[in-house]
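Take a look at the structure set out below.
Readers should treat all values here as calculations from the given coordinates under stated rules, not as data from a laboratory. This one's a predicted model, so the numbers in the text were calculated from it and none came from an experiment. Every residue, glycine as well, gets a Cβ built from its backbone with ideal geometry; the counts of neighbours run over all protein chains shown.
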Amino acid sequence: MSLTMFQPPGNLAEMSADSRTSWDARVRDLFDVSAQMFLSFYNPVGVDVEQRSHRITWPAAPGRLLSTRMSAEQRWAIADADRNEQDEYCEWSLARDNDGKIQRVTFTSEVPDYFDHLLHADEALLLELYGQMSGRVVPIDALRAHGGNVFVGASEFNSSTDGPIVHLSQRNNNLRAAITLTAEATILREIDGQLLSHPQTLVLCGRLGDERRHSDPQIGAAVNGLVAAGADVSLADPPGLYLDGIVTGGLETPDGTDPQEFWHVERGDADHVVRAVFEVPGELGYKVGDITIAGRPINFGAQLAERVHVRVEALSKKSFSAPMDPLPCVA
Amino acid sequence: MADELLADETCRVFSKLSQPQEPGVQRFIVGEDRSPRLMTTAEIAQDLSDPFAALLLLNGVFPSTAQELLDALDAATGEGDRLREQRSFMLGEGSQLPVREVDTDSTNRGLRFLIARGGGNDGPDLIISASHPFEGLVELMAWDMVHQGFNFYRTLGDGGRWVWAGNSRHALQQPTRGKGPFESHPSGNLIMKELKFPWVHWHSFKVHISAAVFEEADVPREHQWFLDKSGAETCETDVVMPSIVRWTNVRFERVLSGAVTIDPVLLIEHVVTCPTVNLASSGTESAAAKLGSSIDLPPGFFVDADAMEAVGLPEPPAFAVPGEMYASSLETFGFHMTDGSFSQPGDTHFAFVVPERAFEDIEVLRQAIARGVISPRLAAALLMVDFPNPVFSRKRAKLLASVPSVPASDPDGLSEAIAASILAASEESPDGTPERDFAARWNLGDDGWRESFSLELNDYYTAVESRLGSQQGFNDFVRLAESRRHHVRDLPIFESRLLFPETNLDRQDLVMSPNGTVTEAAG
């Protein structure tokens, strides 16, 4: 059965029918614009031929910081301290107790595009969601600028690293960027007649983002590889970035409880998680900061972010266009 | 035949064994046994308490292939049993070489899978290594719930012939130390050489191993192991590190419970020598250098960064060189990848692969300090001897000869006793010897060592940074890297020439100095 309309990220069911319709129209526009520019990228709505899905995953902790080879504690501290450093389509915020021990880490991959849409489509729902997730009463004026038309994603209610977090706010962490990157990655590239396939090299050659991030090279190489194999590429419905679980091997809890039990999904369906919390239930009598990884207590959210995976889901279908010639690197 | 087997105490001895006549499990612990012999059911029950033995061997099930083993485990366990939880990983020294670029008859790319079954947060219960699901050698490590440690198994030919080659504990005791499988697993641990980011040679989120490494008709291409494989990042955090921590925990718990005495030599060996190494590399693709990307350099090349962190000393800053400088060195030294029949210019997929201290040594050091077995001061004073050479330091290794060989019953006073023994040796040593170096460092006292060592390290880091500012300086480090790779080529973990690039440099034994210069090793 072919896709008839785009669903909201995470298959969230909180929007009215009208708002869902306008969300679909908004996302179609994003796909259509890219499909017009890039021959091997398509809008999956209405496509009725066989398509395959491809899960592309990467760790949530910033690859840029890892590649600098600074010490682990240095990079964890930097990542924890500034949401602008959290540029892998996942951001997090910590809650610490009075002794500075971590009580809870909240991870989000919710795209700001969705909240931007609500500003125009359903202001009441926008404020309700902001109220729920920030725990504060949020005035609408704090979320809009320029006479009310422009959504402010990184407001005081959503820019903290040790307080409320509502959705992604780093400038590259949005749905539009993910769709654009996927579309641009469909261009095959060559150097001296050699077709490129390696992730960082492709990113550098095609100017697909930052080669030191985890996400850009990963998405770029996977999409490019599909096109090289004769496919057209898109993103699966519901388009979005998803939290793909947490790896807890090596985490030691004081009472032997399996730390997987501390990962709680707060928003999104089971296969499309957009918000999750890592927190020890109060009755166990200890906190996240009492858990160790290889003997080292969890003092940073980034220690967990290294174990949280983020996912985007590409779609492919057999291409009926003539194979494109690879292009040289972007000057 | 038995004499020939006795003469070969390496892990290669297993390939010399003839296939046993009947399916079953043979016991052949090199160093203890003269030759393999079929284990009785009673012996299996007594000696082996891992899931492979308990669920299969004891029930007369002797699988012929890796997939048969996994199927047999599924048949022997119920719905929801953790032994049914499977993760597969893939690696190969030639895993970035698609079939169209190599003659697979003459070039062995070392493609193989690691399959982990079961286990909680302390690692899997079974770890299988095989290159094909339905044929060839199968190696298996299985956690023993009663005796603790891993049992090491492998197939001998086909048709369900297995050999039990020992338990992790055999790696640490005579007459089996360093023999058979413990030649390449010197501490009885699971080995993942390329343990850390970016896991060169492994499938990971950083670089995939694509289906192009297989011919269309190759069975593994469409097998679940390949299609559902996880990245090396998960193997590191969910399989290998927890497994190493698990066995190290057992070692220390035995010591601290009084079940076994502390062998100071065995302990300090992890600090001053490198029974094995891990391989680190730049996080940047070698090919990216030509497109202007700078090349970050692995900190463990310059100093024992993880060990310094474990004792609270300053870690190095981020060292990197411009892409052009790195590319120029590839040209100058004729870097190429070859296995003898295949050859292509350039470096490994990720740039600058070098040995660094193995995680298993770091974990022993970390636990020894955390559990109060040795003091940070002793560890730091040992590590600072010849600190610019974090691996293969003959100077630091020489200290082991002065460590008391008498077992200690408890850790109280152990650090002081070890230090006193080296200090005594230093009195009879001339200036410039490692014993004298250690003595000077130890004598800084409880209050003085940290500041003094930190200053020394920071001066060294400044010197390295300065040398990285010139092509000549970087080229010296490239020569040093090649010298260290030559050491690895002598180790049993070196199984393929494609592990490293080759160069036009003659073999030299080079060392780094505290001023950041590279010289020939003395003597």
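For a quick check, take a GNM of chain A with Cα springs below 10 Å and name the residue from A:P297, A:P62, A:P44 with the largest mean-square fluctuation.
Result for chain A, Cα springs under 10 Å: A:P297 fluctuates most.
List the aspartates and glutamates whose Cα lies under 16 Å from the Cα of B:K229, skipping any in the same chain that are fewer than 8 positions away.
A:D244, B:E85, B:D238
What FRET efficiency would be calculated for the residue pair B:Q46, A:S53, taking the C-beta separation as r and a Förster radius of 45 Å, to the nearest 0.05?
0.30
List the cysteines of the protein assembly as shown that have no other Cys Cβ closer than 4.7 Å: which are they?
So far as the 4.7 Å Cβ criterion goes, A:C90, B:C11, B:C235, B:C274 stand without a partner in the protein assembly as shown.
For the range B:296-344 and the range B:1-70, compute the distance between their C-alpha centroids and round to whole Å.
Centre-to-centre (Cα) distance: 41 Å.
Taking the number of other C-beta atoms within 10 Å as the exposure measure, put A:E283, B:E502 in order starting with the fewest.
A:E283, B:E502
Any idea what the dipole of the protein assembly as shown comes to, in debye rounded to 20, about its Cα centre with Lys/Arg Cβ at +1 and Asp/Glu Cβ at -1?
The dipole of the protein assembly as shown has a size of about 640 debye.
Starting from the range A:200-268, pick out the trypsin sites (Lys or Arg not before Pro) whose DSSP state is loop and whose Cβ has at most 15 other Cβ atoms within 10 Å.
Taking the range A:200-268 and a limit of 15 other Cβ atoms within 10 Å, the loop trypsin sites (Lys or Arg not before Pro) found are A:R207.
Using the Cα centre of the range B:2-185 as the reference point, and only Cβ charges (+1 on K/R, -1 on D/E), how large is the resulting charge dipole? Debye, rounded to the nearest 20.
Dipole size: approximately 260 debye.
Of the listed pairs A:K101/B:K206; A:K287/B:K196; B:K196/B:K290; A:K287/B:K193, which have alpha-carbon separations greater than 30 Å here?
A:K101/B:K206; A:K287/B:K193
Would you mind giving the average projected area, over all directions, of the Cα convex hull of the range A:6-124 in nm² with one decimal?
11.4 nm²
Using alpha-carbon pairs under 8 Å, 6+ residues apart, how would you state the relative contact order of chain B in percent?
This gives 13 percent for chain B.
Just checking the output field for B:291-297: average partner chain Cβ neighbours within 10 Å of each residue's Cβ?
4
Using DSSP to define loop residues, name the GluC sites (Glu not before Pro) in the range B:71-166 whose beta-carbon has at most 10 other beta-carbon atoms within 10 Å.
B:E79
Run the simple label-point estimate for B:A75 and B:E324 please: 7 Å along Cα→C-beta, distance reported in nm.
The answer from the label model is 6.6 nm.
Using Cα pairs closer than 8 Å and at least 6 residues apart in sequence, work out the relative contact order for chain A, in percent.
27 percent
Which aspartates and glutamates have a Cα less than 13 Å from the Cα of B:K179, not counting those fewer than 8 places away in the same chain?
Reachable aspartates and glutamates: B:D8, B:E9, B:E32, B:D33.
Run a plain Debye calculation on the range B:261-520 (Cα atoms as equal point scatterers, no solvent) and give log10 I(q)/I(0) at q = 0.07, 0.08, 0.09, 0.15 Å⁻¹, rounded to two decimals, same order as the q list.
Debye intensities relative to I(0), on a log10 scale: -0.26, -0.34, -0.43, -1.06.
Calculate, for A:D82 and B:L38, the FRET efficiency according to 1/(1 + (r/R0)^6) with r their C-beta to C-beta distance and R0 51 Å; round to the nearest 0.05.
Efficiency computed from Cβ-Cβ geometry: 0.20.
Projecting each Cα onto the charge dipole of the range A:9-318 (Lys/Arg +1, Asp/Glu -1 at the beta carbon, about the Cα centre), which of A:F115, A:N224, A:Y286 comes out farthest on the positive side?
A:N224
For B:K398, go through the aspartates and glutamates and keep the ones whose alpha-carbon is under 12 Å away, minus same-chain ones fewer than eight residues off.
Correct list for B:K398: B:E269, B:D386, B:E435, B:D437.
Residues of B:117-130, mean number of Cβ from any other protein chain within 10 Å of their own Cβ, rounded to a whole number?
Mean partner-chain Cβ count within 10 Å for B:117-130: 2.
To make sure I understand, if each residue's beta carbon is the centre and we count other beta carbons within 10 Å, what order do B:S95, B:S35 fall in, fewest to most?
B:S35, B:S95
For chain A, set up a Gaussian network in which alpha carbons nearer than 10 Å are linked by springs, and say which option among A:I219, A:I298, A:I191 fluctuates the most.
Looking only at A:I219, A:I298, A:I191, the biggest GNM fluctuation is shown by A:I191.
Between B:T338 and B:R394, 0.36 nm times their residue separation minus their Cα-Cα distance comes to what?
Full extension of this stretch gives 17.2 nm more.
Report the one residue of B:F319, B:L378, B:M337 whose Cα lies farthest in the direction of the positive end of the charge dipole of the range B:298-388 (charges on C-beta: Lys and Arg +1, Asp and Glu -1; origin at the Cα centre).
B:L378
Run the numbers for B:S18 and B:L455: contour at 0.36 nm per residue of separation, minus the present Cα-Cα distance, in nm.
151.4 nm
About the Cα centre of the range A:1-125, what is the dipole size in debye to 20, counting +1 per Lys and Arg Cβ and -1 per Asp and Glu Cβ, all else neutral?
Roughly 520 debye for the range A:1-125.
Sort B:F197, B:F150 so the one with the fewest other Cβ atoms within 10 Å of its own Cβ comes first.
So the ranking, lowest neighbour count to highest, is B:F197, B:F150.
Toward the positive end of the charge dipole of the protein assembly as shown, about the Cα centre and with charges on Cβ (Lys, Arg +1; Asp, Glu -1), which of B:A310, B:F214, A:F41 goes farthest?
B:F214
Share of antiparallel DSSP beta bridges in chain B, in percent to the nearest 5?
Rounded to the nearest five, the antiparallel share is 90 percent.
How high is the relative contact order of the range B:367-523, given as a whole-number percent (alpha carbon pairs under 8 Å, six or more residues apart)?
Once normalised by length, the contact order is 22 percent.
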